[in-house]
Amino acid sequence: MDRELALTLVDAGRMPVLAALLDAGTAVPFASPPAVLVGASWPTIWTGLAAGDHGRAAPEVLLPGTYDVVRWRPEHIGGTALWHQAARAGKRYVVVDVPHSVVGADAAGVEVVDWGSHDRETGRFSAWPDGLADELLQRFGPHPVESCDALVRDDGASALEAALLDGIERRVELATALLAEQEWDFAWIVFSESHCAGHHLWNADPAARESLLRVYEALDHALGALREELDGDDQLLVLLSHGIGPHHDGTHLLGEVLRRLDDAWARAGAWTRTAERVRRRLRRPASRPDGWVRTLDGSRSFFRAPNSAPYGAVRLNVHGREPRGRIAPGEQYEACLGWLTHELRTLANPAGPTPAVRRVLRTSDLHEGPALAWLPDLFVEWETDAPIEALESPTIGRVTGTYTGLRTGDHRSGGLLVTPGPATSAPEASDAEVDATVVARAIATSLGLELEPPGHVAPRFP
Ligand SMILES: [Zn+2]
Ligand SMILES: [Zn+2]
């Protein structure tokens, strides 16, 4: 849920429950993990580990040591869910639709996964204990939005709004039933309807904007209903996890831009290119890893890497790290990063603000930890004031292409953490903002739990 929009609605008297919590408690701006934003945010909140430790940055990942891009699966996470850690300390819990989580082998409480999440990473609704999934389906039905993209494509934005409002009501019924009927020390209920609404109802069109605001109002009402289930000594923590803004970025052009830059940097010889093509053509499908999406061209010095929107990402083909690395670590790696940064910053958007790239960020300046090899080398932060339908520079000439996706809105940093009580009881913040690790620590502290240290579990592909 977008912080600015929510606060505007609070001021207008349209989110009275949040308004009351803000009056009684303390609100701290919440900053998403830099350049990976929503891709890493939730896994950090539910493991307490930063992206460089747990390894999840996006729905897809370049499998380290290969050129294979695979779909990320929740089992790959380099960390342990906070609720599984809490269970070992004897705590009981209710967890509903925490993004990118999975019903764990060591489940010990009530876990509901992908009943109505925006990104159903596990691909199916599951729950623990055994039999709970069927029971919940019988009592509350499926979430009416299976895929917001498909629903908007087939039935339009107003159908999506209606389905989201219905989904919020059903989620409240499901969650309040679990809260009332189950024993718990700790409950975590996630509403993803604002995420779907942000992607599809964010629009300059006032009617669509009003749709988005109605979803926010319904979520405020839902928060009020859940609060009714709490006892006087329960602590309520409310997180608006990230903001939403216009879907203006140039990531759809980045692959072609990088191909042209690669030609200019040091295009591989004809023999290397042919060998790479043959290698890829002859590869047997059976040798592809689980969740395979595509294989990158190993004859290139760098390529577009998977990342969460709206940041583009670049991975260098580094000798010793990638199977057929073309960039030597050290001096050449530094030179290539420097050159790419310069070239990307030179890109102009003929129909919008120039340069089209606000910043090029080095991953090693933003993130650290053992899972750094799972992340790209560079992030491209686009200027999002106007659509990017062409990019040009003296080196690449002109690359054109229109974003053909359905989403009118896209993520941006900027959430809000609302904690009970005055500022003295808020989680300690180094400066004005808190990050996702702080949220995890605040939850752990309230449970008297010491979180597992980084490196305890490494990201893995079974
Ligand atoms: Zn969605
Ligand atoms: Zn999203």
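How do the helices (runs of 4 or more DSSP H) wholly within the range 104-218 filter down when requiring 3 or more residues that are under 24 Å from the mean Cα position of the chain (by Cα), away from ligand 2 (no atom under 16 Å from the Cβ) and aliphatic (A, V, I, L, M): which remain?
Correct list: 157-181.
Residues of the range 267-296 that are over 21 Å from L254 (Cα atoms), of a type in the set (G, A, S) and open to solvent by less than 40 Å² (accessible area, probe 1.4 Å): A275, G291. Only one entry in S308, S299 is open to solvent by less than 70 Å² (accessible area, probe 1.4 Å), among the polar types (S, T, N, Q) and away from ligand 2 (no atom under 16 Å from the Cβ), namely S299. Looking only at the range 101-138, residues that are away from ligand 1 (no atom under 16 Å from the Cβ) and either over 30 Å from H411 (Cα atoms) or buried (at least 17 other Cβ atoms within 10 Å of the Cβ) (or both) come to 24 in all.
Of the listed requirements (1) at pLDDT 95 or above; (2) within 23 Å of W46 (Cα to Cα); (3) among the aliphatic types (A, V, I, L, M), L230 misses just one: (1).
Within the range 268-291, the set of residues being in a helix (DSSP H, G or I), within 29 Å of R73 (Cα to Cα) and not aliphatic (A, V, I, L, M) comprises E276, R277, R279, R280, R281, P285, S287.
All but one of (1) within 20 Å of G243 (Cα to Cα); (2) surrounded by fewer than 20 Cβ atoms within 10 Å (Cβ to Cβ) hold for H411; state the number of the condition that does not hold. Unmet condition: (2).
Only one of the numbered conditions (1) at pLDDT below 95; (2) closer than 27 Å to T395 by Cα; (3) touching a helix residue (DSSP H, G or I) at 6+ places or on another chain (Cβ under 7 Å); (4) not polar (S, T, N, Q) is violated by L261, and that is (1).
Of all the listed residues (W265, W188), the sole one being in contact (Cβ under 8 Å) with a residue 12 or more places away in the chain, touching a Cys at 6+ places or on another chain (Cβ under 9 Å) and away from ligand 1 (no atom under 16 Å from the Cβ) is W265. The sole residue among L201, L258, L236 that is among the hydrophobic types (A, V, I, L, M, F, W, C), in contact (Cβ under 8 Å) with a residue 24 or more places away in the chain and within 16 Å of ligand 1 (Cβ to nearest atom) is L201.
Here T341 passes the criteria (1) assigned to a helix (DSSP H, G or I); (2) within 17 Å of A268 (Cα to Cα); (3) open to solvent by 20 Å² or more (accessible area, probe 1.4 Å) except the one numbered (2). Summed over the range 50-62, the residues that are closer than 14 Å to E452 by Cα and open to solvent by 10 Å² or more (accessible area, probe 1.4 Å) give a count of 2. Within the set L372, L361, L347, L391, the sole residue that is surrounded by 15 or more Cβ atoms within 10 Å (Cβ to Cβ), closer than 23 Å to A58 by Cβ and in contact with a Phe, Trp or Tyr (Cβ under 8 Å, 6 or more places away or on another chain) turns out to be L361. Looking across the range 83-95, the residues that are open to solvent by less than 10 Å² (accessible area, probe 1.4 Å) and either in contact with a Cys (Cβ under 7 Å, 6 or more places away or on another chain) or within 21 Å of A40 (Cβ to Cβ) (or both) come down to W83, V95. Scanning the range 311-322 for residues that are open to solvent by 30 Å² or more (accessible area, probe 1.4 Å) and either at negative phi or within 16 Å of ligand 2 (Cβ to nearest atom) (or both) yields a total of 3. Those strands (runs of 3 or more DSSP E) of the range 1-93 in which 2 or more residues are touching a Leu at 6+ places or on another chain (Cβ under 6 Å), more than 16 Å from ligand 2 (Cβ to nearest atom) and not polar (S, T, N, Q) occupy 26-30, 68-71. The set of residues in the range 337-376 that are touching a Gly at 6+ places or on another chain (Cβ under 6 Å) and aromatic (F, W, Y) contains only W374.
Among the candidates L178, L239, L201, the residue that is out of contact with any His (no Cβ under 9 Å at 6 or more places or on another chain) and under 24 Å from A24 (Cα atoms) is uniquely L239. Within the range 305-327, residues that are under 13 Å from L37 (Cβ atoms) reach partners that are of a type in the set (F, W, Y) with beta carbons closer than 9 Å, at six or more positions or on different chains, in the pairs N307/F379; P310/W382; Y311/F379; Y311/W382; G312/F379; G312/W382; A313/F379. Does S158 satisfy the condition of being open to solvent by 60 Å² or more (accessible area, probe 1.4 Å), hydroxyl-bearing (S, T, Y) and either away from ligand 1 (no atom under 16 Å from the Cβ) or touching a residue at least 24 places away in the same chain (Cβ under 8 Å) (or both)? Yes.
The values are calculated or read from the model by the stated rules, or taken from the named source; none is laboratory data. Bear in mind the structure is a predicted one, so any value in this text is a computation, not a measurement. All Cβ positions, glycine included, derive from the backbone under ideal geometry; neighbour counts span all protein chains shown. Note: accessible area is taken over every heavy atom of the protein model, side chains too, but ligands, DNA and RNA are not part of it. Shrake-Rupley method; radii C 1.70, N 1.55, O 1.52, S 1.80 Å.
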